[in-house]
Amino acid sequence: MIPFPESIIACPDCDLLQRIPTLTPGGTASCLRCGHTLASSKPDSLDRTLALTVAALIALIIANVMPLMGLSAVGRQAVTTILGGVLKLWQQGHQITAVLVAFCTVVAPTVHIGFTLTVLLAVRQTPAPIWVGTLLRMADFNQPWAMLEVMMLGILVALIKIADLATVIPGVGMFAVGALIMLIAAMTVSFDKHQVWSQIRWVDGEGQQLTSSPEFKEPAEGEVEGKETPGELTGIKMGLVLCEGCGLLTKPTDLEKPGHCPRCGQELELRRPNSIQRTWALLIAASICYIPANLLPVMSTTTPTYAEKDTIMSGVVLLYVHGSWPLALIVFVASVVIPMAKIVALAYLLISVQCRFMRSKEERIRLYRLVEIVGRWSMLDVFVVTFVVALVQLQPLMSVGPGAGVVFFAAVVVLTMLAAETFDPRLIWDSRNNKEEQNDEIC
């Protein structure tokens, strides 16, 4: 197996081979064909990210220990923390939803911050131990599932829902969550993963890259352009495999069994295995869950005089009637429009790949990225239910419980996110090459 210099890269979104130029401080390099950001120069990245990560860890502890908000009504008071909302869901028989909320609000942020901090400390030793790469990959995996900003919006919606029922008092934990959201965003912007990978000891024990290869002719300047031409060089055409874990480009001796990455040890694949079939399976399951998620109640309210059950749409109407039309619009888009739009968009991408559509590839890759970005915001209603249920427990005056619909809604969010991760965007660009096509054709 022959590794190539890091200045030669295959775009992870379209597989186009390109040379990364020397970047000025703060500069970035984007794919000529699809616009994906391939590299960036971040001065003082490791030290700056380390300071931000330590601050984020402190904010994380405060956010989980201190109360998020309190509720006061007719002399009775209630407070809740993040884990308090999770515990209340668990006690009311919604264990699956409770585990999901705990993972997205506590486990995933903690793993992301803790592993990033460990990586930044360990990489100060040169070369860094092999296990640093494993932690870095795990931190990257957890990052999309850390949904603190979605949780914060859910808390604001919950405050509006219960403002007419009682006096709501923001707690220290809420301000800590706000600070944590900004710190994690700053960590992401300042962290240079390529610099970390360049300092990690390779799994194969060598840790050296070849600057040239007799089996590969680097594309001459101007040969690779943004428009599709017969002269474009892609990784699959040249028999090269990009490691999705660390970004190293290698030429395996056997393309059928490319083996493992010599730097991080991850199994290499020309394309994500069975991407089409797995994505279809996840989409079909999400479509089935979408119907009961919108028809069944997600929350039930009980008082001495009445009992009421709310679906997602009735919650939107309630916000609108109370004058909070901006929040009503946000909830409607996040909880009704986005889940269905994700299903339709991914189905269109799958059909376009299987039918080998030739046109609008740039538009389709932008559609895929949009699905990846907005997918997590559909968790909004799950967080709203979590914190309304946790706060409004003022028996015998009033109590709120989760409904059956919240489980199906959470399933829709998770399944569509997994479907987006399973889909391989490089298939959009592969579809014109018969010998590269590795999926069943339906058109």
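The values are calculated or read from the model by the stated rules, or taken from the named source; none is laboratory data. Source: prediction; values computed, not measured. As a convention, Cβ positions derive from the backbone with ideal geometry for all residues, glycine included, and neighbour counts pool all protein chains shown.
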ask   = Within segment 340-360, is there a residue that is in contact (Cβ under 8 Å) with a residue 60 or more places away in the chain, among the polar types (S, T, N, Q) and surrounded by fewer than 19 Cβ atoms within 10 Å (Cβ to Cβ)?
value = yes
inquiry  = Every residue in segment 107-130 that is modelled with pLDDT of 90 or more and over 25 Å from residue 419 (Cβ atoms), please.
reply    = 110, 113, 114, 115, 116, 117, 118, 119, 120, 121, 122, 123
task = Quick one: residue 17 ticks every box in (1) crowded, with 22+ Cβ neighbours inside 10 Å; (2) closer than 30 Å to residue 413 by Cβ except a single one, so which number is it?
result = (2)
request  = Kindly provide the set of residues from segment 344-359 that are assigned to a helix (DSSP H, G or I) and within 14 Å of residue 425 (Cα to Cα), ordered by number.
outcome  = 345, 346, 347, 348, 349, 350, 351, 352, 353, 354
ask   = Name the strands (runs of 3 or more DSSP E) wholly within segment 1-93 that hold at least 2 residues that are modelled with pLDDT of 85 or more and farther than 22 Å from residue 187 by Cβ?
value = 8-10, 17-19
note = Inside segment 247-257, the number of residues satisfying the requirement of being assigned to a loop (DSSP other than H, G, I, E, B) and closer than 13 Å to residue 235 by Cα is 4
message = Show me the helices (runs of 4 or more DSSP H) found entirely inside segment 380-432 where at least 3 residues are within 19 Å of residue 159 (Cα to Cα), small (Gly, Ala, Ser) and at pLDDT 95 or above.
response = none
